[in-house]
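Visitor: This structure is in structure tokens; I'll ask about it shortly.
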Amino acid sequence: MIGNLKIRGHLILLALLPIAALVYFALTDVITKHRVYRDASELHRAVMIAALTSALIHEVQRERGLAAVVIGSQGNRFVDQFRDQYKITDDQLEKLREQTVIIDGDTYTRALRGKLHRALKILDEHADKRRQTELLQLSIDDVLNHYADIVARLLEVVSDLPLLSSDVRIATNGAAAVQLLKAKEKSGIERAVLANAFAAGSFSPGMLGVVVALISSQDAYLDTFHQLATNEQRAFFRERMEGSFSDAVDRMREIAVAGASGNLRADAARWFDAMSTRIDRLQEIENHLLMDLRDTAQTLAANTRNSLTTSAFIALVVVLTTILLTYVLIRNILGQINILHGTIESVRRGADLTKRAKVTSRDEIGTALNAFNEMLDELSHADVGSRHRLENQLREQAEQIAEADRRKDQFLAMLAHELRNPLAPIGNVLQILEKEQETLSPRSRQGLEMMDRQLKQMCTLVDDLLDVARITHDRLELRTVPMPLTTVLSHAADIVKSQIEEKGQHLHLDIHGAATCANIDPVRMTQIVTNLLCNATKYTPAGGDIWLSLECQEDEAVINVRDSGVGIDAALLPHVFDVFTQAERHLDRSEGGLGIGLSLVQDLTELHGGRVAAFSDGAGKGSRFEVRIPALAEKPAISETPSDAPLVGEDSSVARRILIVEDNIDAATSLASLLSAMGHNVHAAHDGLAAVDVIPMLRPEIVILDIGLPEMDGYQVARHLRDTFGNRNLKLVALTGYGSEEARQKSKEAGFDHHLVKPVDPRVLQRILRMTEADPADTLDPQLVCR
């Protein structure tokens, strides 16, 4: 998007104004309906409080009537009923308290709760009045006034119910319920007054007028109720108020009026029961009205909630739709401007001259885009020639790099082959001389040992150089087997033992305490440890110490090679594993080397899934190399095989007929002498055609073939021999300077049984001779196979 385009800000501001107005009106509507819903919910709770208050009034009225009988009979009647009743009253009071606690006091119920608290406060002091009533310490007037005060306070809670809502049905039903409740209150007072009079046998002064006024008030309240009530409610009233109790009430009223000047001859208990039935029926009618009122309030709350949900949903849809339409509008207006800007930026950076701005309209912006596209067409045609030339040059350079890389690989392989060819006869002669070293002078033996060490060093350098090239091109594959690491470490220590002893150094081994096994390539793991030990030997002075240890830490095998040598400088430590990096630990650099040994250690360790690290406290403080590889949880079942075959001169095999085919006369002659010294019948040929001619006459058991033969190479000779003689009683051994996996596979496909890399280790050759006289399916010890 274009960050500094003013028109975008103006369009966004223009779109935000109607959106803000729409959001305002939508939120206002939602808030208004939410307020109505909240009021309806509060009204529903207020109706529930009114119902509980009405029920409490009913029980207080009944308690008042029983208290009046107790006072009138001087404690002779209804005392137990009075005690049972005020327990019922307390239970109803507790229900009202619980409901009062859970209301939040908002809107309508705030006023209700204030009135309830005033009424409940009087009821908290009511226990003393009950006790005084039981002890006959109160007059009938005191009792009536006390209960009248309680009922008046409770009536305040219900009397405002019609005013709590603007809904006509709720207001009308509420007013009808209030009128009925007031009529019931007057009936309760009448019940108490006449019950007291009947129990006492006469009226107290002025009480007859009170009774007449109470009857008139009841009739007035009931007339008002009939005017406000619905037809269904009036019918329910008539149904519930019919019965014998009503006739009994009317007769006893007449008795009371007729006997006002004398003794009242009426049963107080009968009056109390009849009037209580009347009051209970009025309570049923009142409950019926309150239930209608609660249902109406609940329906109003549900309708308001549905309306609120619908309004909120519509408002949300309208707002989202408006925002979406506004976004589409702004995007359509700014889209083509952004396309033009993006295309211009792409061309300015020189990224792509073939890119074109997409034109989606025919307005002024569309015209500008067409003009810009035409300009790009002209620039693209002008640049296409130079672009093709540049692409061709890049392609040619890539091909040249690939060809140079291929030639480099060929050169390294050829270099190794050509270096190994002259090393082969030297190694053979050295083996012959070693057999006769008892006849040599001490100086000659010393020279023989020196030549043997240098030969091994040269072979190691060649192998390391080829291994680095293979790893670089991901061509080196491990041949892993589960085996104890102590076997590998012991073999590596034996390899460098003579070199360490020659320099007067001391090698300390701590490798047998941890029976640690790992899934490793034994040849490559030996190469790792050997390189680290040789490195330690180089940079440790005569008389110094070298430690080789093995331990198991959790699920890792840890190999440590530590020396007391010259140490590693802190600046060089991070780069010690870089290829072709050699530490300048001596000013004269007398130790030499290509600087690839430690790099090869790191690569081979990572191929095993491990890691290697170097540590040193600085110059003169020695160094430590730590190799960590995954360890096996359980020790594998591995058959023990000897790591060393008998050396030259030992009677380890019967005499064999052997043909050596080698174009290098020195190599052929030296190898023939070595095998002859072992007691074998050896012949030599120097090209493939000569070998093919003499084999039928010599009938050799083993043919050692050089691969790089003139006229007919070793592969062709091997195929010819397999086609002619098959696999019967003829073992073919490839002898070459190439040790890659591809070279080994090619030898196998040509029919060779074994593949040896120059110079040949006599132990490997001796093992092959043993395999020939034993089981043909035997395989070479992997620790002796040349790389």
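The values are calculated or read from the model by the stated rules, or taken from the named source; none is laboratory data. Note that the coordinates shown come from a computational prediction; the quantities given were computed from them, not determined experimentally. Please note: Cβ atoms are built from the backbone with ideal geometry, for glycine as well, and neighbour counts cover all protein chains shown.
Visitor: Look at residue 199 and say whether it is modelled with pLDDT of 80 or more and in contact with a Phe, Trp or Tyr (Cβ under 6 Å, 6 or more places away or on another chain).
Guide: no
Rundown of residues vs (1) of a type in the set (Lys, Arg); (2) within 46 Å of the chain's Cα centre (by Cα); (3) modelled with pLDDT of 90 or more, yes/no style:
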{"residue": "551", "(1), (2), (3)": "no, yes, yes"}
{"residue": "562", "(1), (2), (3)": "yes, yes, yes"}
{"residue": "576", "(1), (2), (3)": "no, yes, no"}
{"residue": "599", "(1), (2), (3)": "no, yes, no"}
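Visitor: Out of 148, 175, report the one residue that is under 14 Å from residue 293 (Cα atoms), assigned by TED's automatic domain parsing to the domain that holds residue 281, of a type outside the set (Asp, Glu) and at pLDDT 75 or above.
Guide: From the options 148, 175, the qualifying one is 175.
Visitor: Take residue 218 and tell me if it is assigned to a helix (DSSP H, G or I), at pLDDT 85 or above and touching an Asp or Glu at 6+ places or on another chain (Cβ under 8 Å).
Guide: Criteria met by residue 218.
Visitor: Check residue 296 against each of (1) of a type in the set (Ser, Thr, Tyr); (2) under 60 Å from the mean Cα position of the chain (by Cα); (3) surrounded by fewer than 18 Cβ atoms within 10 Å (Cβ to Cβ) and name the one condition it does not meet.
Guide: Here residue 296 meets the rest and fails (3).
Visitor: Can I ask one more? Conditions: (1) surrounded by fewer than 18 Cβ atoms within 10 Å (Cβ to Cβ); (2) of a type outside the set (Gly, Ala, Ser); (3) part of a helix (DSSP H, G or I). Residue 205 meets all but one. Number of the miss?
Guide: (3)
Visitor: Quick one: count up the residues across the stretch 489-543 that are of a type in the set (Asp, Glu) and under 17 Å from residue 562 (Cβ atoms).
Guide: The total comes to 1.
Yes/no matrix, rows are residues, columns are (1) at pLDDT below 90; (2) over 43 Å from the mean Cα position of the chain (by Cα); (3) within 25 Å of residue 498 (Cα to Cα); (4) in the same structural domain as residue 508 (by TED's automatic domain parsing):
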{"site": "525", "(1), (2), (3), (4)": "no, no, yes, yes"}
{"site": "538", "(1), (2), (3), (4)": "yes, yes, yes, yes"}
{"site": "587", "(1), (2), (3), (4)": "yes, yes, no, yes"}
{"site": "593", "(1), (2), (3), (4)": "yes, yes, yes, yes"}
{"site": "622", "(1), (2), (3), (4)": "no, yes, yes, yes"}
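Visitor: Of the conditions (1) in a loop (DSSP other than H, G, I, E, B); (2) over 24 Å from residue 726 (Cα atoms); (3) modelled with pLDDT of 85 or more, residue 635 fails just one. Which one is it?
Guide: Only one criterion in (1) in a loop (DSSP other than H, G, I, E, B); (2) over 24 Å from residue 726 (Cα atoms); (3) modelled with pLDDT of 85 or more is unmet by residue 635, namely (3).
Visitor: How many residues are of a type outside the set (Lys, Arg), out of contact with any strand residue (DSSP E or B) (no Cβ under 8 Å at 6 or more places or on another chain) and under 19 Å from residue 602 (Cα atoms) when one looks only at the stretch 504-524?
Guide: 1
Visitor: From the residues in the stretch 187-202 that are of a type in the set (S, T, N, Q) and part of a helix (DSSP H, G or I), which one is surrounded by the fewest Cβ atoms within 10 Å (Cβ to Cβ)?
Guide: Once the filter is applied, the top-ranked residue is 187.
Visitor: Quick check on residue 227: is it more than 29 Å from residue 146 (Cα to Cα) and of a type outside the set (Gly, Ala, Ser)?
Guide: Working: more than 29 Å from residue 146 (Cα to Cα): yes; of a type outside the set (Gly, Ala, Ser): yes.
Yes.
Visitor: Go through 735, 659 for me and flag whichever is crowded, with 18+ Cβ neighbours inside 10 Å and under 60 Å from the mean Cα position of the chain (by Cα).
Guide: Criteria check complete, one pass: 735.
Visitor: Right, something else. Scan 42, 59 and give me the residue that is within 30 Å of residue 311 (Cα to Cα) and either modelled with pLDDT under 70 or part of a helix (DSSP H, G or I) (or both).
Guide: Criteria check complete, one pass: 42.
Visitor: Okay, moving on. Go through the stretch 290-301 and give me each residue that's free of Cβ contacts under 8 Å to residues at least 12 places away in the same chain and either among the hydroxyl-bearing types (Ser, Thr, Tyr) or not assigned by TED's automatic domain parsing to the domain that holds residue 157 (or both).
Guide: 299
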